[in-house]
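In what follows, a structure is listed as structure tokens, so that the remarks can point back to it.
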Amino acid sequence: IDIYSLHVNCKVTSRFAHTVITSKIANHANESREATFEVELPKTAFITNFSMSIDGRVYLGIIKEKVSAQKEYDMAVSRGQSAGLVKIAGRKLEQFHVSVSIAAASRITFELRYEELLKRQLGKFELLIKVRPKQLVKHFQIDVHIFEPQGIRFLETDSTFMTNELNEALTKVQNETKAHILFKPTVDQQKINPELDETLLNGDFVVRYDVKRGATAGAIQIVNGYFVHYFAPRELPVFPKNVVFVIDRSGSMAGRKIEQTRDALLKILQDLRPEDQFSFITFNSRVAEWKSSLLQATAENVASAVGFVQTLSASGGTDINRALLTAVSVLDKAERLPERSVSMIILLTDGQPTSGESNVEVIQENIQKAVNGKYALFCLGFGFDVSYKFLEKMALSNGGIARRIYENADAALQLQGFYQEVATPILMKIEMQYPENAVEGLTKNSFKLFFEGSEIVVSGKISNELDLLPVEIKAQSHSSDLTLKEEANVKEKEQVFQNQSYIFGNFIERLWAYLTIQQLLEKSISAQEEDQKTLEARALELSLRYSFVTPFTSMVVTKPAGQQQAELANKPTEAG
């Protein structure tokens, strides 16, 4: 079986990435053989299309409602369910895997398409392409086109497998608003050494970039009546933070996990600003406060905290409920908190609640009542024994986010990286306002906090024949209340994309659908049951209309006669 061609073609237009992976395989044997298409794609992406073409016949994946697809599939496969075509593969990726038997001397072309909105983190956008052909490929090519009307501020490529030879196969061409990256290694360049037919191509190929920003109310782009508005202010003073770290030291944290937690906390302590206030609560079946109140992050207090962190050890049960309630009361009791400051609780746990209150619904209710919208709660789940669903719901119900920390060598870096994302709040209570009578289907437009290095994205449909789209942003910064205004000339904005040959025409509409579905998913996690049904029905309707494989849809992949007839591609989620 010979993969004679493998192309990854990616077009990024204003952060929205559309990737097509095409693999061509020939069976040179004189009997039928199994051809496998296995690719890894970002978890944040939605698959939109898959096809196989065998000797001129095309087999298309069809996207259906998940429940009905599952029923059909179960009927077709009475012997129970196979694993499905997509599974989680590590921290950032999921794997799509399909195998088909092809006759002697015949050829097959696999094609997978997926789309995602690149998210700005720590000041850059990252496009991740996983490369693992497992054999030498005669025609191998990665082709990335980027078009950013705001202008490209910087662009870099990075790869875990580059050598000097491979570097010669990489070209970058860029001007003010466009970039083209081509990676096209010959078979000889792909070899680990000239004698062996083993490939070097195994790992990540990453493109990172950021765009130029004026000191205005963000950038607005419009195509076919849909708009997207990007807002990422910079050079604003940072709010002082009041942070309570709530650290699990139950028995299951013993060994490497508590070591990595110590390493991360030591680094995080160095990153605290002098105007921040902080404290630690550690818990197993008992809850212990390091100090009875918040402390200013002076050199002396940080040194004292370093000493405390170095002594952290793990044993016993897990009383998440009492630990979090204690954290809330530390913030409630705190005196003289700066009027304009951001209070947050960061929970790190690796298990289920086993001591004290262990009913997760009761815990969620208790915490939501206690927090009462005053503080942001971030939940970090270490490993796979946590109930991620429980942590995610608790974080999203209390103005924060949840993240899974993967148990591998870089766990301390993952923890630190997460802290860096939330370490610099520069705006709060952000309201993105648009004329009510002229905009419909607006995505989320009010945000509690904005962190330096991230980006606010709002999208919607301009309902009537507007010439000018006025926008107004209201927010609080550390020093003042801001009001920013901007007017977008609809015709001029539409013009920007008219003459771009490689842009798929309705990309802002698809971006809007992608963003809306992601936000409906997030909302449904913390919603009441009846609201949940409405949100899920809306997400399903959009997933079907725009053909996205999301947690509500499945792609049915049909194979040639005589083989296992249908297989399902579902969207895995972190909460399982």
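What residue, of Ala513, Ala475, Ala575, Ala539, is aliphatic (A, V, I, L, M), surrounded by 15 or more Cβ atoms within 10 Å (Cβ to Cβ) and at pLDDT below 95?
Selected residue: Ala575, the only one of Ala513, Ala475, Ala575, Ala539 that is aliphatic (A, V, I, L, M), surrounded by 15 or more Cβ atoms within 10 Å (Cβ to Cβ) and at pLDDT below 95.
Among the candidates Ala334, Ala314, single out the residue that is surrounded by 15 or more Cβ atoms within 10 Å (Cβ to Cβ) and either out of contact with any helix residue (DSSP H, G or I) (no Cβ under 9 Å at 6 or more places or on another chain) or without any contact (Cβ under 8 Å) to a residue 24 or more places away in the chain (or both).
When all the criteria are applied, what remains is Ala334.
Only one of Lys130, Lys138, Lys134 is closer than 30 Å to Gln563 by Cα, in the same structural domain as Ala17 (by the TED database), open to solvent by 50 Å² or more (accessible area, probe 1.4 Å) and in contact with a helix residue (DSSP H, G or I) (Cβ under 8 Å, 6 or more places away or on another chain). Can you tell me which?
Exactly one of Lys130, Lys138, Lys134 is closer than 30 Å to Gln563 by Cα, in the same structural domain as Ala17 (by the TED database), open to solvent by 50 Å² or more (accessible area, probe 1.4 Å) and in contact with a helix residue (DSSP H, G or I) (Cβ under 8 Å, 6 or more places away or on another chain), namely Lys138.
With (1) in contact with a strand residue (DSSP E or B) (Cβ under 9 Å, 6 or more places away or on another chain); (2) open to solvent by less than 20 Å² (accessible area, probe 1.4 Å); (3) in a helix (DSSP H, G or I); (4) not charged (D, E, K, R) as the list, and Leu544 as the residue in question, which single condition is left unmet?
Every listed condition holds for Leu544 apart from (2).
For Ser304, indicate whether it is in a loop (DSSP other than H, G, I, E, B) and over 26 Å from the mean Cα position of the chain (by Cα).
Against the criterion (in a loop (DSSP other than H, G, I, E, B) and over 26 Å from the mean Cα position of the chain (by Cα)), Ser304 does not qualify.
Within the range 170-185, restricting attention to residues that are in a loop (DSSP other than H, G, I, E, B) and in contact (Cβ under 8 Å) with a residue 40 or more places away in the chain, which residue is least open to solvent (accessible area, probe 1.4 Å)?
Applying the filter and picking the extreme gives Pro185.
Take Val556 and decide whether it is of a type outside the set (D, E, K, R) and more than 21 Å from Ala17 (Cα to Cα).
When the stated conditions are applied, Val556 passes them.
Can you name the number of the only condition in (1) in contact with a helix residue (DSSP H, G or I) (Cβ under 9 Å, 6 or more places away or on another chain); (2) closer than 30 Å to Asp350 by Cα; (3) open to solvent by 40 Å² or more (accessible area, probe 1.4 Å) that Glu452 fails?
(1)
Can you name the strands (runs of 3 or more DSSP E) wholly within the range 54-169 that have at least 2 residues being closer than 28 Å to Val556 by Cα?
Ranges flagged: 57-60, 62-65, 86-89, 93-102, 107-117, 125-131.
Looking only at the range 369-400, count how many residues are under 17 Å from Ala327 (Cα atoms) and under 25 Å from the mean Cα position of the chain (by Cα).
Residues meeting the conditions: 14.
Which one is surrounded by the fewest Cβ atoms within 10 Å (Cβ to Cβ), of the residues in the range 159-169 that are in contact (Cβ under 8 Å) with a residue 24 or more places away in the chain and hydrophobic (A, V, I, L, M, F, W, C)?
Restricting to residues being in contact (Cβ under 8 Å) with a residue 24 or more places away in the chain and hydrophobic (A, V, I, L, M, F, W, C), the top hit is Phe161.
Contact list please: Cβ distance under 6 Å, first residue in the range 186-204 and within 20 Å of His7 (Cα to Cα) and in contact (Cβ under 8 Å) with a residue 60 or more places away in the chain, second residue outside any helix (DSSP H, G or I) and among the polar types (S, T, N, Q), pairs at least six apart or on different chains.
Gly203/Thr160; Asp204/Thr160
The values are calculated or read from the model by the stated rules, or taken from the named source; none is laboratory data. Predicted model, so just to flag it, every value in this text is computed and none were measured. FYI the Cβ positions are ideal-geometry reconstructions off the backbone, even for glycines, and counts take in every protein chain you see. The accessibility values were calculated without ligands, DNA or RNA, using every heavy atom of the protein model including side chains. Shrake-Rupley method; radii C 1.70, N 1.55, O 1.52, S 1.80 Å.
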